[in-house]
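Trainee: First the structure, which I've put down as structure tokens, then a few questions once you've had a look.
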Amino acid sequence: MHNVEQLVQEQRSYFLSGNTMAYQFRIKQLKALKKMLKNYEKEIYKAIKNDLNKSSYEALTTEIGFLFMEIDFTIKHLKEWMAPVKVDTPITHKGSKSYIHKEPFGVTLVIAPWNYPLHLAIAPAIGAIAAGNTVIIKPSEFTNETSSLLATMVRKTFDSDFVTVVEGNAEISKKLLEQRFDYIFFTGSTAVGKKIMKQASEHLTPVTLELGGKSPVIVNKDAKIELAAKRIVWGKFTNAGQTCVAPDYVYVHKNVKPKLLKYMKKYIKMFYGKKPLHNTDYVRIVTRKHFNRLQAFLTNGTVYCGGQTDIEKLSIEPTILDDVTWKDPIMQEEIFGPLLPIITFTDLTQVVETLKKKDKPLALYYFGEKEKYQQLVFHQLSFGGGCINDTLYHLANPHLPFGGVGTSGIGAYHGKYSFDTFSHKKSILKQTTTFDIPIRYPRSKVAHSFVKKLMK
């Protein structure tokens with residue numbers, strides 16, 4: 001059991017000592033973080049395999065590989081990001097210069113989910129370290145082997161006053177949230193995100209909330225259907241659908257629906273085999289509770305392919321559900337599993353009007369070649385981020401911010417946006433002492449008429 005109050009105090013003392021402010025210190029810590037991941041790579045694969053049955057290939061591409069790229073990108077650009085930014089000064093401030101300085105917030109808390117237990121614990125911490133903060137990481141208790149390994153790796157790599165891992169259940173999270181942090185970064189469900197934000201408000205602590213929602217795929221009649229099917233299947237069933245930006249459901253034009261379904265079935269078989277439940281690399285559902293929730297959805301609509309389950313393995317086949325409507329239970333919440341509902345449309349404008357009335361999702365994916373329809377969708381609908389003719393790939397570009405809007409989240413990160421998220425932009429005006437402009441002072445004879453003319 002951690003004494004979280006003491007831990008936060010110790011990190012605050014360390015931060016206030018100024019140790020984290022220097023560029024060389026931050027670079028050294030980022031390099032240590034990368035070395036840590038390399039040294040423990042084999043153990044990481046094993047832990048993630050035991051927690052989620054994730055293959056080493058999938059762990060590399062969706063967990064460790066992303067972190068390597070993110071660290072390298074941050075090291076390459078950090079000096080540029082840290083530099084003060086000179087901005088324009090209006091004529092009313094003649095003789096002065098204006099700058100924006102980036103300073104760390106202080107003691108930060110990163111609360112990570114279970115679906116990408118390493119990636120989503122470390123990725124925000126990269127930004128926090130780069131910006132000069134101290135970090136407390138709270139991993140998910142549902143992936144206990146990865147959580148335990150993460151705690152060991154960090155303990156052997158960093159001073160606990162700078163970066164540490166606090167393991168435990170919801171009670172530990174509650175105790176952490178009772179402390180005064182300078183920034184909180186949370187990834188998880190919208191329901192829990194609301195609780196995090198409410199608790200943070202007690203100390204007026206700023207937050208980033210990376211949440212989720214029902215991220216749609218729209219497949220129009222002019223799409224390249226086989227390629228669309230391949231990319232949808234990959235995006236949906238990676239990590240058994242337990243991805244915050246996974247396609248949640250598909251809106252498909254009736255003219256191409258049969259062809260799309262046929263090709264999606266083909267690629268499910270190609271990627272996961274004829275019997276996915278016997279595939280030793282197919283990711284399982286994290287807990288019995290989540291398994292039971294997903295299994296109940298199998299009665300919604302009509303099973304086009306898949307639908308088999310194994311409660312002992314906590315495994316559910318990649319499943320396509322046809323003839324689903326917005327009234328079905330599966331359409332009332334984020335699925336977060338390997339079930340893909342299909343809804344048919346004939347008029348794209350009606351799809352857009354329907355989605356306008358729904359909660360803003362974390363992602364949206366559109367498949368179609370005509371730019372006028374692409375523009376219709378992306379100009380009319382609000383969502384965190386997305387792709388045209390692809391799924392998931394936008395989140396792997398460090399030049400793009402990743403985050404939600406509305407119920408799908410607050411704030412963004414990745415690349416420079418991670419550094420910005422964990423940095424306060426401090427405004428500084430440097431005034432000249434060579435001369436003094438008298439018009440700002442009271443009882444100046446020319447001030448009133450001059451200022452009136454200048455400001456109108």
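Trainee: Report the charge-dipole magnitude of the range 216-395 in Debye, nearest 20, computed about the Cα centre from +1 at each Lys and Arg Cβ and -1 at each Asp and Glu Cβ.
Mentor: For the range 216-395, the charge dipole is close to 320 debye.
Trainee: For the chain, what relative contact order do you get, as a whole percent, if you take Cα pairs closer than 8 Å and at least 6 residues apart?
Mentor: With pairs under 8 Å counted, the relative contact order is 18 percent.
Trainee: Using a 1.4 Å probe on the protein chains only, how many percent of the accessible area of the range 19-165 belongs to carbon and sulfur?
Mentor: Answer for the range 19-165: carbon and sulfur cover 54 percent of the accessible area.
Trainee: Hey, what does the equivalent ellipsoid look like for the range 216-395, semi-axes from the Cα gyration tensor as sqrt of 5 times each eigenvalue, largest first, whole Å? Intermediate results must be reported in sequence, preceding the final value.
Mentor: On the way: eigenvalues 135, 57, 44 Å².
After scaling each eigenvalue by five and taking roots: 26, 17, 15 Å.
Trainee: Which whole-angstrom value gives the distance between the alpha carbon centres of the range 191-242 and the range 275-351?
Mentor: 16 Å
Trainee: Using the structure shown, select from Lys138/Lys198; Lys259/Lys360; Lys54/Lys274; Lys175/Lys426; Lys262/Lys370 the pairs with a Cα to Cα distance greater than 21 angstrom.
Mentor: Among Lys138/Lys198; Lys259/Lys360; Lys54/Lys274; Lys175/Lys426; Lys262/Lys370, the Cα-Cα distance tops 21 Å for Lys259/Lys360; Lys175/Lys426; Lys262/Lys370.
Trainee: Treating each Cα of the range 49-203 as an identical point scatterer and ignoring solvent, apply the Debye formula and state log10 I(q)/I(0) at q = 0.09, 0.12, 0.13, 0.14 Å⁻¹.
Mentor: Taken in order of the listed q values, log10 I(q)/I(0) reads -0.37, -0.60, -0.68, -0.77.
Trainee: Out of the DSSP beta bridges found with both residues in the chain, what percent are antiparallel (nearest 5)?
Mentor: Numbers: 20 of 54 bridges.
Here the share of antiparallel DSSP bridges comes out near 35 percent.
Trainee: More than 16 Å apart: what percent of Cα pairs in the range 84-129 qualify? Mind dumping the intermediate values first?
Mentor: Details: 623 of 1035 pairs.
Taking all Cα-Cα pairs of the range 84-129, the fraction more than 16 Å apart is 60 percent.
Trainee: Find the percent of Cα-Cα distances in the range 19-135 that exceed 18 Å, and round it to a whole number.
Mentor: Cα-Cα pairs in the range 19-135 separated by more than 18 Å: 59 percent.
Trainee: Starting from the alpha-carbon convex hull of the chain, give the projected area averaged over all orientations, in nm².
Mentor: Its Cα hull, projected and averaged over all orientations, spans 26.4 nm².
Trainee: Treating cross-link reach as a plain straight distance, find the aspartates and glutamates whose alpha-carbon is under 18 Å from the alpha-carbon of Lys174, omitting any fewer than eight places away in the same chain.
Mentor: Glu5, Glu141, Asp182, Glu202
Trainee: Given an 8 Å cut-off on Cα distances and at least 6 residues of separation, report the relative contact order of the range 245-330 as a percent. Can you show the working numbers first?
Mentor: Values: 81 pairs, mean separation 21.0, N = 86.
Over the range 245-330, the number comes to 24 percent.
Trainee: Using a probe of 1.4 angstrom, how much of the accessible area of the range 216-395 is carbon and sulfur, in percent?
Mentor: 48 percent
Trainee: Mind checking the per residue accessible area of the chain for me, 1.4 Å probe, whole number of Å²?
Mentor: 48 Å²
Trainee: Where the Cα atoms of the range 305-456 are projected onto their three principal axes, how long is each span, largest first, in whole Å?
Mentor: 85, 39, 30
The values are calculated or read from the model by the stated rules, or taken from the named source; none is laboratory data. The model shown is predicted, which means the values in this text are computed figures rather than measured ones. Virtual Cβ from ideal backbone geometry, glycine too; neighbours counted across all protein chains shown. Remember, those area values only see protein heavy atoms, side chains included, never the ligands or the DNA or RNA. Shrake-Rupley method; radii C 1.70, N 1.55, O 1.52, S 1.80 Å.
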